Amino acid sequence: MRTRWKTITLAKSPKRRSPGGASEIALLPSFPQGEIVHATAAANQPSPAGTVQGFAELYYILEGEGELWRATGRVQTVTRLRPRSCVTVCPGTDYQYRADGADMKFLVATAPRFNLKNWKKATRRYWNEGRKARRRSTQPGPWTTTQLPAAYNYLAPDGSEIRLLPSLDAGGLAHCTLPAGAVSAAVRHKTVKEVWYVLAGRGEVWRDQEDDHELVAVEPDMCLTIPTGVSFQFRASGDGPLEIMIGTFPAWPGPDEAEPVRGKWEVPPRIALRHDHVALRVRDYDATVRWYIDKLGFRVVREWPSRDMRLCYLENGLTRVEIMGGGEVQLSEEPLDFESSLRRPGYHHLSLMVDDVQQTTAILRERGVAVIEGPRDVGEIERRIAFVRDDNANIIELVGKL
């Protein structure tokens, strides 16, 4: 039986030039419904301005930096391209890109598969032959720019971590991470086809259909396909997570798309957890409930007795805190300063997501709340944070996006 899937390394993939010759394109296994290719844009050489019809493109930046100009009608934008950013080029959009300082490497997902007949040279451009911009504009347009999220959006039916990137009806991209040593559940897709490009890590991928099966070791810069109806399972080696860029064609319809099958490896039982609440034991029940209501805008949603104590749930949005008061309280040592608190084992802080850390901190200061740290930025996790204390000296972290 002839194998329906394909596997290739970037080094062995056929190469061609992009329209106009500004980039080297490495052709990877694909489907008529969609493809992923690897592109390398030469430094400081603007691409020809073009426009596409009948298909859309998504760029995911791997290495280097650059800029992308997109325009439609009177609307145009220039977007900075950095590693882990993803942008869309929709049908009918004029576009042009360039790499700054060094070559820029990126993946291009096209849905459906690229057809040179549907690429046309645009009647306008942003960079001229002298590599200078003709005009700048910052008006918003009908396209998408996304940075890869620091936290995963959801767990896939196979158990891997999925970070969402732009998606169109014809197809889209998603970043998949399987933790070191983990094994995915075995599934097969009912309607979609996928192209996988390994970004980091090592592991194995098993594919099977009827009497045809294959086990392949994977590493960075390998590409493989998962056709509709093919059973598959994958696992990461123990020395690091396996990261894969997945192109899905057409767009992923939902969790019912993947149906469980018998796989090659046994999957350890997985305990699915969701955060429910944090409980605080307090000296003065009424005073603490009032503090959380007045200072942070919580509301009491339920109260009940337990032994000689009074308990309640406080909620603000999706955040729930349980207050435990009354009865005998054994007072502990005086609260430590923030730096000293980092050296003490045990519970440290409750973290609350807010829209604007700077503004929220200012409001709490006006309400008499002690701000003990920050606000400050933590670039590694793309967050701005600050720390305050409640009326029982419990530490609360305020966190927001940069």
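The values are calculated or read from the model by the stated rules, or taken from the named source; none is laboratory data. A quick note: this is a predicted structure, and the numbers were derived from the prediction, not measured. As a convention, Cβ positions derive from the backbone with ideal geometry for all residues, glycine included, and neighbour counts pool all protein chains shown.
Here are the numbers:
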| read-out | value |
| --- | --- |
| Residue in segment 177-196 that is part of a strand (DSSP E or B), within 16 Å of residue 246 (Cβ to Cβ), in contact (Cβ under 8 Å) with a residue 60 or more places away in the chain and of a type in the set (Phe, Trp, Tyr) present | no |
| Top-ranked residue of segment 358-385 - restricted to ones that are in contact with a Lys or Arg (Cβ under 7 Å, 6 or more places away or on another chain) and aliphatic (A, V, I, L, M), ranked as surrounded by the fewest Cβ atoms within 10 Å (Cβ to Cβ) | 370 |
| Residue list for segment 281-297, restricted to those being touching a Lys or Arg at 6+ places or on another chain (Cβ under 9 Å), more than 17 Å from residue 393 (Cβ to Cβ) and not charged (D, E, K, R) | 293 |
| Test for residue 304: is it touching a residue at least 12 places away in the same chain (Cβ under 8 Å) and of a type outside the set (Gly, Ala, Ser) | no |
| Selection status of residue 218, more than 16 Å from residue 161 (Cβ to Cβ), hydrophobic (A, V, I, L, M, F, W, C) and under 21 Å from the mean Cα position of the chain (by Cα) | no |
| Which numbered condition residue 201 misses (of (1) over 22 Å from the mean Cα position of the chain (by Cα); (2) surrounded by fewer than 21 Cβ atoms within 10 Å (Cβ to Cβ)) | (1) |
| Qualifying residues in segment 184-223 (those that are among the polar types (S, T, N, Q) and out of contact with any helix residue (DSSP H, G or I) (no Cβ under 7 Å at 6 or more places or on another chain)) - the one nearest to residue 29 (Cα to Cα) | 209 |
| Residues of segment 365-393 that turn out to be modelled with pLDDT under 90 and closer than 25 Å to residue 324 by Cβ, as a count | 2 |
| Residue in segment 183-196 that is buried (at least 20 other Cβ atoms within 10 Å of the Cβ) and either aromatic (Phe, Trp, Tyr) or under 19 Å from residue 61 (Cβ atoms) (or both) present | yes |
| Residue within segment 72-83 that is among the aliphatic types (A, V, I, L, M) and within 24 Å of residue 13 (Cα to Cα) present | no |
| Yes/no for residue 279 being part of a strand (DSSP E or B), touching an Asp or Glu at 6+ places or on another chain (Cβ under 6 Å) and not charged (D, E, K, R) | yes |
| Every residue from segment 247-297 that is among the β-branched types (Val, Ile, Thr) and either in contact (Cβ under 8 Å) with a residue 40 or more places away in the chain or buried (at least 18 other Cβ atoms within 10 Å of the Cβ) (or both) | 248, 261, 267, 278, 282, 288, 289 |
| Residue pairs meeting the criteria (Cβ under 7 Å; at least 6 apart or on separate chains; first closer than 20 Å to residue 51 by Cβ and outside the structural domain of residue 215 (by TED's automatic domain parsing), in segment 5-28; second of a type in the set (Phe, Trp, Tyr) and not in a loop (DSSP other than H, G, I, E, B)) | 19/119 |
| Any hit, segment 309-323, residues being part of a strand (DSSP E or B), at pLDDT 85 or above and among the small types (Gly, Ala, Ser) | no |
| Within segment 227-246, considering residues that are of a type in the set (A, V, I, L, M, F, W, C) and touching a Lys or Arg at 6+ places or on another chain (Cβ under 6 Å), the one farthest from residue 31 (Cα to Cα) | 232 |
| In segment 247-293, the residues that are more than 15 Å from residue 187 (Cα to Cα), among the charged types (D, E, K, R) and modelled with pLDDT under 95 | 270, 274, 276, 281, 283, 284 |
| Qualifying strands (runs of 3 or more DSSP E) (wholly inside segment 25-144; at least 1 residues being touching an Asp or Glu at 6+ places or on another chain (Cβ under 7 Å)) | 35-41, 50-52, 66-72, 75-81, 85-89, 94-99, 104-111 |
| Among (1) under 17 Å from residue 321 (Cα atoms); (2) in contact with a Lys or Arg (Cβ under 7 Å, 6 or more places away or on another chain); (3) loosely packed, with under 13 Cβ neighbours inside 10 Å - the single one residue 347 does not satisfy | (2) |
| Scan of segment 197-225 for residues that are in contact with a His (Cβ under 9 Å, 6 or more places away or on another chain), more than 12 Å from residue 184 (Cβ to Cβ) and not in a loop (DSSP other than H, G, I, E, B), ordered by number | 197, 199, 207, 223 |
| Every pair of residues 6+ apart whose Cβ atoms lie under 6 Å, when the first sits in segment 346-374 and is without any contact (Cβ under 8 Å) to a residue 40 or more places away in the chain while the second is assigned to a helix (DSSP H, G or I) and of a type outside the set (Gly, Ala, Ser) | 371/361; 371/365; 372/338; 373/338 |
| Filter result (surrounded by 21 or more Cβ atoms within 10 Å (Cβ to Cβ) and closer than 20 Å to residue 251 by Cβ) within segment 225-237 | 225, 226, 230, 232 |
